[in-house]
1. Kindly put D178, D596, D447, D242 in sequence by how many other C-beta atoms sit within 10 Å of each C-beta, fewest to most.
2. Roughly speaking, what is the centre-to-centre gap between the range 416-492 and the range 552-586 when only Cα atoms are used, to the nearest Å?
3. Applying 1/(1 + (r/R0)^6) with R0 = 51 Å to the Cβ-Cβ distance of T129 and R484, what FRET efficiency is obtained, to the nearest 0.05?
4. Could you tell me the center-to-center distance, by alpha carbons, between the range 202-265 and the range 348-364 in angstrom?
5. Quick one: what are the phi-derived ³J(HN,Hα) couplings along the range 403-413, Karplus 6.51/-1.76/1.60 with θ = phi - 60°, whole Hz, x for glycine and proline?
6. Residue by residue, what Karplus-based ³J(HN,Hα) values in Hz, rounded to whole numbers, does the range 585-593 have, using 6.51, -1.76 and 1.60 with θ = phi - 60° and x for Gly and Pro?
7. How far, in nm, would the chain grow between S176 and Y587 when pulled straight, counting 0.36 nm per residue and subtracting the alpha carbon separation?
8. Going by a ≥ b ≥ c, the root eigenvalues of the Cα gyration tensor, does the range 426-629 fall in the rounded group (a/c under 1.5), the prolate group (a/b larger than b/c) or the oblate group?
Amino acid sequence: MVSAEAALAAAGAVGRSVAGFVERSGQRHLTAEVARTLEEGGVLVAEAGTGTGKTFSYAVPALLFPGRVVLSTGTRTLQDQLFHRDLPRCRDALGCPAAIALLKGRSNYLCRYRLGAALDEGLFPTLETGAAMQRAAEWAAATDSGDMAEAPPDIIEAAGRITTTPDACLGQACPSFDECFFFAARRRAYEADVVVVNHHLLLSDWAVKDSGYGAVLPPADAFVLDEAHQLPEAARGFFGLDVSARGLRELVRDCRTADRREAGDAPDLPPAVEGVEGAVDEARSALGGGERRAAWTGGAETEGALRQLAAALQELERVLEPMAARGAELERCHRRAVACRRDLDAFAGPPAADTLHWFETRGGGFTLHATPLAVGEELSRRMAREAESWILTSATLTVDGSFDPFLRRFGLEEPRTLTLESPFEYREQALLYVPEGLPQPNAPGYDAAVLEAALPVVEAAPGGAFFLFTSYRALNGAAERLGRLLDRPLLVQGQAGQKQLLDRFVEAGDAVLLGTASFWEGVDVRGPALSTVIIDRLPFASPGEPVTAARMEAAERAGCSPFRDVSLPDAVLALKQGAGRLIRDEYDRGVLMIADPRLLGRGYGKAFRRSLPPMPLGRSLDDVAGFWGAPPSLHR
């Protein structure tokens, strides 16, 4: 059998078959290490710079491996790309018989039962929603996968009514179980050699196993985690507890549906459901108006509202208990009421050690969180339980050349590590521009000064620009001002979905897109449409962000440096992600503008600089103009 490394040579099976393939020594090195880890076991942690070709580096060994491999990605977009494009191309080139399956969480698939129930009920808030439901019924009859990523855009408005969640799913008791899209995908996963999932589904599988209710994913011999830097943060949510107004309101809605379909003669149920609904509204009011994220400090009003909510859930639980045997929906509602009340009880007393109780509010909703501050021990324990072979990879795992911050987050002690630099010629393809004379980020007028410095950079570029912000406040202020000053298309996060904005950006060719967190990573725009990336501040987390603040306090209690061990590594990795949007292939050229003067003016700025690709440094607009006129004669 051909070796994985040989397949990725220019004359190899993949090299000959994939149009535009370029042999890269880094890619072959990573491929050999991945194949070795799959065969011998152990943990490989590999940082592969942009352009290394890490996707093929793990896809080819996974397809050739005789056991089952689970590939987990950071986003559903990358998940779809792997399943629909990269893995089939490699498999066809290799001529191997490996079966590939795609599996997402339940809420990503159309639920035939919920669709039928909604159509039978016929009560829709708007005519548009009703029309969307009818189109959803037509799509349900035509689709093979039921994957909402493939659904027509005009039914997305109805998504909340035609999908389900693990809590609400009726499982084998569902009348539509034999035709269920999710369980059909799950059956394919259990028959496959390579299963493509995302981090949230992987964590859900671990949570289900911990609860004793079985498993979501099939047993595997090896796991590959792409965008592995995202997993520890995602794990905080799965290893903790959440109680949300949205989840409680969905329980209320489903109780009413269950009442109509399976009860109908239970006079105590409607008032019990109304009691929960009213208590949710009271709890939202007690938490105060506006959008907030803060540590939970209690208080007479909020604690009273939570006691009222707990009492309402207990009453609903009492009413549902004797009715649970009447039908699967009532039984599921009873189980959910018990779980919600139990989770809410956790907030009645002090948090467990190394756990933060905090809350967030937005619009008419709220979420209470019990979040563990350190998840490394839990992650490493589960990894050891699941398989012997693990490959963790990303373009952003090191800080100033060190894997230590990442390894601490994962609880990994002695993995094999590998660092592969990007094959791109950053010294020729890119310019790092740090404007002279800008005030400190905490100074009055900083945001206005950044916009003034950025406008000529945008105008000098032959293509479009990403303007990445560390806060919505700064983004909204920039959107208001740039709307008056720009003579090119302006796209703002929130005006449309991410895919729609990116499609418009590429189509325009010279647009300016303003984005926050979700545009800092996982976005791939190649060619002159993206010529400039502007970052307004070094992405240190806000001191008021409750989880970060608690992690820093815990680090100090442990005798560590809150800044060096928590704040700085987080910010460096975030900056590497944002900067990585600029150069996506060997033909790209562009300017990376980092407005924050601390990059050059503070000692810790060296950690950021050394973690970025080796770009020449420019300080004036003449340097920017020179870059676009000819390769700059500057030195890092």
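1. Going from least to most buried by this count: D178, D242, D447, D596.
2. The range 416-492 and the range 552-586 have Cα centres separated by 20 Å.
3. On the way: r = 36 Å, r/R0 = 0.71.
Once the sixth-power term is evaluated, E becomes 0.90.
4. Using only Cα atoms, the two centres lie 19 Å from each other.
5. Each residue of the range 403-413 in turn: 7, 3, x, 5, 5, 5, 5, 8, x, 9, 9 Hz.
6. These are the phi-based 3J(HN,Hα) values: 8, 6, 9, 5, 9, x, 10, 9, 9 Hz.
7. Details: separation 411, 0.36 × 411 = 147.96 nm, distance 5.09 nm.
Once the chain is fully extended between S176 and Y587, it gains 142.9 nm.
8. Numbers: a/c = 1.64, a/b = 1.43, b/c = 1.15.
Prolate, since a/c reaches 1.5 and a/b exceeds b/c.
Values in this text are rule-based calculations from the coordinates and carry no lab data. Remember, predicted model here, so these are calculated numbers, not experimental data. With ideal geometry, Cβ positions are generated from the backbone for all residues, glycine too; neighbour counts draw on all protein chains shown.
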